[in-house]
Amino acid sequence: MESLEQLPQLEQLCERLYNAQDHAERKHAETVLAVFSSSSEYAPQCKAILDNSSSPYAQLLASSSLLKVVTDLGVSKDLLLDVRNYTLGYLANRGPNCQVSFDE
């Protein structure tokens, strides 16, 4: 995601990733969106998605991508601290208003 202008397209892809009935459509969305968890370079984009998207699917993608980046990719201590501080601030400011859904 190079700019916030692309956020609606990203939100649509995220919805397809989690809701598409067609396997090819879901696989395409998965392939396009996999980049967010492939490198620590995408941490700023993930934070921008969390800050600007109201889509729970986009928020799930961004948060799970950040988690994968910091747990699986061996990031620098500075990035780890940055993500930790961002997450704590996000939860303090927006956590009480986050949408929570439990499907049975």
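Scanning region 1-60 for residues that are basic (Lys, Arg) and within 23 Å of residue 94 (Cα to Cα) turns up just one, 47. In region 13-58, which residues are β-branched (Val, Ile, Thr) and either surrounded by fewer than 16 Cβ atoms within 10 Å (Cβ to Cβ) or not in a helix (DSSP H, G or I) (or both)? Across region 13-58, the qualifying residues are 31, 32, 35. For region 13-38, the candidate set comprises residues that are polar (S, T, N, Q) and within 13 Å of the chain's Cα centre (by Cα); within that set, the residue that is farthest from residue 55 (Cα to Cα) is 38. Considering region 61-78, the residues that are buried (at least 16 other Cβ atoms within 10 Å of the Cβ) and hydrophobic (A, V, I, L, M, F, W, C) include one that is farthest from residue 14 (Cα to Cα), namely 75. In region 1-12, of all residues being outside any helix (DSSP H, G or I) and surrounded by fewer than 12 Cβ atoms within 10 Å (Cβ to Cβ), the one that is modelled with the lowest pLDDT corresponds to 2.
Name the residue, out of 41, 11, 30, 25, that is among the charged types (D, E, K, R) and touching a residue at least 24 places away in the same chain (Cβ under 8 Å). Steps first, answer last, please.
Details: 41 fails: touching a residue at least 24 places away in the same chain (Cβ under 8 Å); 30 fails: touching a residue at least 24 places away in the same chain (Cβ under 8 Å); 25 fails: touching a residue at least 24 places away in the same chain (Cβ under 8 Å).
Just one listed residue meets the conditions, 11.
Among the residues of region 80-90, those identified as over 15 Å from the mean Cα position of the chain (by Cα) and within 28 Å of residue 8 (Cβ to Cβ) are 82, 89. Note on region 49-67: residues that are more than 19 Å from residue 80 (Cβ to Cβ) and either within 9 Å of the chain's Cα centre (by Cα) or of a type in the set (D, E, K, R) (or both) total 7. If we scan region 71-86, do we find a residue that is β-branched (Val, Ile, Thr) and out of contact with any helix residue (DSSP H, G or I) (no Cβ under 9 Å at 6 or more places or on another chain)? There is at least one residue in region 71-86 that is β-branched (Val, Ile, Thr) and out of contact with any helix residue (DSSP H, G or I) (no Cβ under 9 Å at 6 or more places or on another chain). Residue 93 satisfies every condition listed in (1) surrounded by 11 or more Cβ atoms within 10 Å (Cβ to Cβ); (2) in a helix (DSSP H, G or I) except (1).
The values are calculated or read from the model by the stated rules, or taken from the named source; none is laboratory data. Quantities reported herein were computed from a predicted structural model and do not represent experimental measurements. All Cβ positions, glycine included, derive from the backbone under ideal geometry; neighbour counts span all protein chains shown.
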